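The values are calculated or read from the model by the stated rules, or taken from the named source; none is laboratory data. Small disclaimer: the values here were computed from a predicted structure and weren't measured. So basically every Cβ, Gly included, is an ideal-geometry build from the backbone, and we count neighbours across all protein chains shown. In case anyone asks, the SASA skips ligands and DNA or RNA and just uses the protein heavy atoms, side chains included. Shrake-Rupley method; radii C 1.70, N 1.55, O 1.52, S 1.80 Å.
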Amino acid sequence: MTTLPMRLTAPVPGWTTRADVVVIGSGIAGLTAALRIHSALRERSDDDGARVLVVTKDVLSAGSTQWAQGGIAAALGPGDTPEQHLSDTLVAGAGACDVEAVRVLVTEGPEAVQELIDLGTRFDHHDGVLSLTREGGHHRDRIAHAGGDATGAEIQRALIAAVEASSGIEVIQHALALDLLRDADGRAAGVTLHVIGEGQRDGVGAVHARAVVLASGGMGQVFSQSTNPAVSTGDGMALALRAGARLRDLEFVQFHPTVMYLGPDSRGQQPLISEAVRGEGAFLVDFEGNRFMRGQHELADLAPRDVVAKAITRRMLETGQPHMWLDARHLGAEFWERRFPTILATCRSHGVDPINELIPVAPAQHYASGGVVTDLWGRTDITGLYATGEVACSGVHGANRLASNSLLEGLVFSRRIAEVLPDELAPWAEPVADDRPRGVVDGAARGELQRTMTEQAGVLRSQAGLNAAEVELRELLERPVGAIDVAAWETTNVLTLSLALHSGASAREETRGSHWREDYPERDDAAFAGHFDIRLVDADLVQTFIPAAATDLLPTSPGA
Ligand code: SIN
């Protein structure tokens, strides 16, 4: 196979089920969408029969939300305003944000967080007042957190409890979504999926639905080291691309600056050391003890994370060291135990005691700022297909997501989808056969693919490296395929997205936000103020440059 598949090779579905709406993914975006859509459908009809189905790849709690440490950003503190949150978000986004989308995020954010509290999420308080901290790029304390550094886990707990208490929301766990089903008018009409389980719904099946919501998270597994869990193989983005939807800004991959360095051979999910640790006073030093963030940016160690990731990488290159150090010893034992219990335990489990030792840190893949293009209501190019959370490109992150805006994005835009979707639901229609070319790549190719992407399209990119990567990636498309199984489907998704990401990274001959071109070190607004959109047409990727609206261009990232 030298071209990309338009459908995954898979057995004919052996079972079928129906739901009004199927939600793919069970993090903050997926569960918020499921809860809100379900209650909106019930409000609109007299009967309780509305069926919402959540499909999740592992167990309900296994996605990225569970791992979010720092918190959720919203203008909730004294003196803070949505306007200031907007300004910080736009600066971090390096001129590639959609200003209207950011305005939606920051103005609806406070109410959405309050709703999470009403749902039972126990955020940390001090003397009865919500505790707020600061992270990179924020000029105010505006990050609400829970369990010290276990914010995502607490939000996930509260949402799962609400879903379990709600009759009418069904869940299928251990299910990998394969491809979108369409009706005769081209509307989304469900998905095919593969369930790893025992019983009636085992193997490949089909969910017929009147609408599909993608909330399946990111694509961290494109790279060898990521803070994302193993399930983050970009399945929702690849499914949307194969179905004909547009992806945008894939080159803007965020590398978190402070991921615990576990050695050169460490692969897969790596331990995150939250920016909140720097928010509470920790700082970066090199092997000589120099605080190298000083003088790089007005916010020093709390500069936007692309600035910090670049500074760490630069220092690693200059000194020939494989990592830098985070010094948080002065925070003291009592503070560490109360504020960062999860990170403390993780560091200790890897033989580092941050109370009296420096933590070795290096950047690793953390977040996909791009994704499936949506409007302000989560609609994609395909009628009846919506996207929310990391899988989507709503325009709020631009070239570099501001810390702790991701949980907020999933929350706010899932609420918005629930406002419009019930009125946009089509009458039931059967999916039609799709005879476009199918294919998969060899599941065993994933390690090689990740190495190529990490070395040639990671933090630091150049045309020579990107050209070499393309040859290597295209060669993987031609390898003989072993089994048609989950590894093959996931690797096909990862390879498809690697090529799409590569395409944007190669064409964007400038440095902007999290896209760092060694050979084009400056931001170039004259040529690249805008977005690279990508589609899969006749089994190949077609990329188009979309100039940004004039209002979206203004902010620059000082020090970037
Ligand atoms: C962190 O805690 O540093 C990560 C928060 C985020 O990615 O927004």
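Which of the following residues is open to solvent by less than 40 Å² (accessible area, probe 1.4 Å) and within 30 Å of E478 (Cα to Cα): P11, P5?
Answer to the selection: P5.
Please verify whether A444 is open to solvent by 30 Å² or more (accessible area, probe 1.4 Å) and either in contact (Cβ under 8 Å) with a residue 12 or more places away in the chain or of a type in the set (S, T, N, Q) (or both), treating the condition exactly as stated.
When the stated conditions are applied, A444 passes them.
Which condition does E455 not pass, out of (1) more than 27 Å from E275 (Cβ to Cβ); (2) without any contact (Cβ under 8 Å) to a residue 24 or more places away in the chain, if it passes all the others?
All conditions are met except number (1).
Could you check segment 487-510 and list, in sequence order, the residues that are more than 30 Å from H174 (Cα to Cα), under 21 Å from the mean Cα position of the chain (by Cα) and open to solvent by 10 Å² or more (accessible area, probe 1.4 Å)?
Matches in segment 487-510: S503 only.
Just need a number here: residues in segment 128-158 that are within 14 Å of the ligand (Cβ to nearest atom), part of a loop (DSSP other than H, G, I, E, B) and within 12 Å of G71 (Cα to Cα).
Residues that pass the stated criteria total 9.
Got a sec? Which of L262, L272, L250 is under 30 Å from T380 (Cβ atoms) and either free of Cβ contacts under 8 Å to residues at least 60 places away in the same chain or away from the ligand (no atom under 14 Å from the Cβ) (or both)?
Only one candidate qualifies: L250.
A quick yes/no check of all residues on (1) within 20 Å of the chain's Cα centre (by Cα); (2) within 14 Å of the ligand (Cβ to nearest atom); (3) in contact (Cβ under 8 Å) with a residue 24 or more places away in the chain; (4) over 13 Å from R140 (Cα atoms):
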residue: L60; (1), (2), (3), (4): yes, no, yes, yes
residue: S64; (1), (2), (3), (4): yes, yes, yes, yes
residue: A68; (1), (2), (3), (4): yes, yes, yes, yes
residue: G71; (1), (2), (3), (4): yes, yes, yes, yes
residue: A74; (1), (2), (3), (4): yes, yes, yes, no
residue: G77; (1), (2), (3), (4): no, no, yes, no
residue: G93; (1), (2), (3), (4): yes, yes, yes, yes
residue: E111; (1), (2), (3), (4): no, no, no, yes
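Restricting to segment 208-247, name every residue that is assigned to a strand (DSSP E or B) and away from the ligand (no atom under 16 Å from the Cβ).
Scanning segment 208-247 gives H208, A209, R210, A211, V212, V213, L214, L247.
Considering only segment 36-77, how many residues are of a type in the set (A, V, I, L, M, F, W, C) and closer than 21 Å to L105 by Cβ?
Of the residues in segment 36-77, 8 are of a type in the set (A, V, I, L, M, F, W, C) and closer than 21 Å to L105 by Cβ.
Look through D98, D88 and report the one residue that is closer than 29 Å to F528 by Cβ, of a type outside the set (F, W, Y) and more than 16 Å from the ligand (Cβ to nearest atom).
Selected residue: D98, the only one of D98, D88 that is closer than 29 Å to F528 by Cβ, of a type outside the set (F, W, Y) and more than 16 Å from the ligand (Cβ to nearest atom).
Could you tell me which of the residues L421, L344 is open to solvent by less than 20 Å² (accessible area, probe 1.4 Å), assigned to a helix (DSSP H, G or I), within 16 Å of the ligand (Cβ to nearest atom) and at pLDDT 95 or above?
Going through L421, L344 in turn, just one is open to solvent by less than 20 Å² (accessible area, probe 1.4 Å), assigned to a helix (DSSP H, G or I), within 16 Å of the ligand (Cβ to nearest atom) and at pLDDT 95 or above: L344.
Limited to segment 204-228, what total is found for residues that are more than 11 Å from the chain's Cα centre (by Cα) and open to solvent by less than 10 Å² (accessible area, probe 1.4 Å)?
Here the count works out to 12.
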